[in-house]
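What follows is calculated from the coordinates using simple rules that are stated; it is not laboratory data. Values in this document were obtained by computation on a predicted structure and should not be read as measured data. Positions of Cβ are generated from backbone atoms using ideal geometry, with glycine treated the same way; all protein chains shown enter the neighbour counts.
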Amino acid sequence: TIHLDVGWEAVQSDNEMIEVSSKDLDGAFLLQLGPHVQNLTHHLPRVRLFDFIHQVDGQIVTESFDSTPSSNLSADEVKSSFKHANESGKPIPVVLRRCPWGNQNKISTGER
């Protein structure tokens, strides 16, 4: 097996923050990915596959990659917030972090 180690290069829109409504994520499949919550649903008009949920109604979802779980919102808590807001007819603001290729792997190819 040959491994080629190349430097990480961000792509256009990497880590771009955009604001949408909880209604835009209605029916989304959200994945708990370590401390992060990630969208794994295709065909949502304003939400892209692999977007990370960064903030829900002003509350940061993941404080940092190394945060303790208690300081982060879980995927289930995010889904519950969306459901409650959408059923009440008062959608809440959601900030997404674009990551078209996912998070950067901090371990170089040669070290894996």
So how far apart, in nm, are the two label points at residue 24 and residue 6 if each is 7 Å from Cα heading toward Cβ?
3.1 nm
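Going through region 1-60, which GluC sites (Glu not before Pro) have at most 10 other Cβ atoms within 10 Å and a DSSP loop state?
Numbers: sites: 9, 16, 19; in loops: 9, 16.
Of the GluC sites (Glu not before Pro), the ones in loops of region 1-60 whose Cβ has at most 10 other Cβ atoms within 10 Å are 9.
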What is the spin-label model distance, in nm, from residue 107 to residue 80 if the labels are put 7 Å beyond Cα along the C-beta direction?
3.3 nm
